[in-house]
Amino acid sequence: MIPLVHPIFGKEEKKIINEVIDSRVVASGKYVEQFERQFAKLSNAKFGIACSNGTTALHTALIACGVKAGDKVITTPFTFIATANSILFCGAKPVFADIDPLTFNICPKSVEKILKTQKVKAVICVHLYGLSSDMGALLKLKKKYKFALIEDACQAHLAEHNNKKVGSIGDAAAYSFYATKNMTTGEGGIVLTNNKNIDALSRQVINHGRAGHSTHTVLGYNYRLTNIAAAMGIEQCKEIEKWTKQRIKNASLLSNGLKGLDFIGAPYVPKGCVHVFHQYTVRIKNGLRDRFMKYLQENGIGCGIYYPEVIYKQPLYKDLGYKKVSCPQAEQAVKEVLSLPVHPALSDKDIKFMVNTIRNFKK
Ligand SMILES: *Cc1c(COP(=O)(O)O)cnc(C)c1O
């Protein structure tokens, strides 16, 4: 079976984790600080605030950008549920904009339609599957309508938009280091920002709102990363550039191999973007997806649907009053998308096998 995800660890991770255990400093510590600097540097951001996971990083970023109860925050309905839930954690209201059918990312025109009629505090754009959102258009809207722009970069470590790394194009960005992401600390996350006030407030938010040793000035949480997880992250940081290149190469081999198959739409990469292929996601047309998925699984190729439903149709959101929302492009995407293995542990032989198997599918 060729698995859809395959986290990679070496003896370095084992060694450094043993060092942490031997030091007995297993909660906050110097490895957390080193990891924050290292990951921020990789992404060309000034500040990194390590968090317990990507979801808490998103919540922290929203609070640090000033989102409060009753505020409206625009996001995409075609993402992992944590994106929208982080808005609910603030007592704020998610407002859903439709996606661009080519990139699967939030459509700036659909965002502007909302901005024209409603006061909005923030926009969370998601760099879905590892492809940057249209940051140029979103920054223009930010200038015109004044809102905080938050990047959900949980799937987009080292992705680029017009020669700039994602993660410091907006006001703040959230990353995840969950086990299935492009690099991992088991559970883990980070907020990146170039803004020193957002940095300072984020540091308080993840640590009970502490201002001094026993002074608490804002409502905070325990969203800290452990020294053990951070140590693992330090070793993963050393590999992520190599792994990213491998993902890009695998994706290009797949796209070349799948050329000419009319029932498959390969991923689209806009000019100026470096797509880091957290997922290699194709569209399976003509209602063939379920049969095609079963065929792949029977032939030993792991695959998955990200995401099978738009967020506003989840029972939780229906109960919250989102029954009448309609984003037709997102609703079409959930019916067609399928993600295939693209991780850096795939061999050229694996990819040839995948391409041949897919080409032999009888419609
Ligand atoms: C993984 C992910 C998250 C949440 O990260 P966790 O570390 O699992 O909490 C948020 N948004 C997106 C787009 C993700 O892929």
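The values are calculated or read from the model by the stated rules, or taken from the named source; none is laboratory data. Predicted model, so just to flag it, every value in this text is computed and none were measured. Cβ sites come from the backbone with ideal geometry, for glycine too, and all protein chains shown count toward neighbours. We work out accessible area using only protein heavy atoms, side chains counted, and drop any ligands, DNA or RNA first. Shrake-Rupley method; radii C 1.70, N 1.55, O 1.52, S 1.80 Å.
When you check Ala148 against the structure, is it farther than 18 Å from Leu62 by Cα and touching a residue at least 24 places away in the same chain (Cβ under 8 Å), yes or no? The answer is no for Ala148. Taking segment 62-86 as the range and being more than 12 Å from the ligand (Cβ to nearest atom) and outside any loop (DSSP other than H, G, I, E, B) as the test, the residues that pass are Leu62, Ile63, Ala64, Lys72, Val73, Ile74. Selection within segment 172-201: residues that are within 16 Å of the ligand (Cβ to nearest atom) and of a type in the set (Ser, Thr, Tyr). The member of this set that is farthest from Gly48 (Cα to Cα) is Thr180.
Scanning segment 158-171 for residues that are within 16 Å of the ligand (Cβ to nearest atom) and either open to solvent by 10 Å² or more (accessible area, probe 1.4 Å) or under 16 Å from Lys46 (Cα atoms) (or both) returns Leu158, Val166, Gly167, Gly170.
Can you tell me which residue is nearest to Tyr312 (Cα to Cα) among those in segment 92-123 that are small (Gly, Ala, Ser) and open to solvent by less than 20 Å² (accessible area, probe 1.4 Å)? Residue satisfying both the conditions and the ranking: Ala97. When Gly265, Gly212, Gly257, Gly233 are screened for being at pLDDT below 95 and either under 21 Å from Asp152 (Cα atoms) or surrounded by fewer than 18 Cβ atoms within 10 Å (Cβ to Cβ) (or both), only Gly212 passes. The helices (runs of 4 or more DSSP H) located wholly in segment 222-336 that include 2 or more residues which are touching a helix residue (DSSP H, G or I) at 6+ places or on another chain (Cβ under 6 Å) occupy 227-257. For segment 119-157, the set of residues classified as within 16 Å of the ligand (Cβ to nearest atom) and aromatic (Phe, Trp, Tyr) consists of Tyr129 only.
Close Cβ contacts (under 8 Å, 6 or more residues apart or on different chains) running from residues in segment 337-363 that are of a type in the set (Asp, Glu) to residues that are in a helix (DSSP H, G or I) comprise Asp348/Leu253. The sole residue among Phe89, Phe80 that is within 26 Å of Tyr280 (Cβ to Cβ), of a type in the set (Phe, Trp, Tyr) and open to solvent by 20 Å² or more (accessible area, probe 1.4 Å) is Phe80. Picking from Asn299, Asn286, which residue would you name as being over 20 Å from Ser133 (Cβ atoms) and modelled with pLDDT under 95? Step by step, each of Asn299, Asn286 is checked, and only Asn286 is over 20 Å from Ser133 (Cβ atoms) and modelled with pLDDT under 95.
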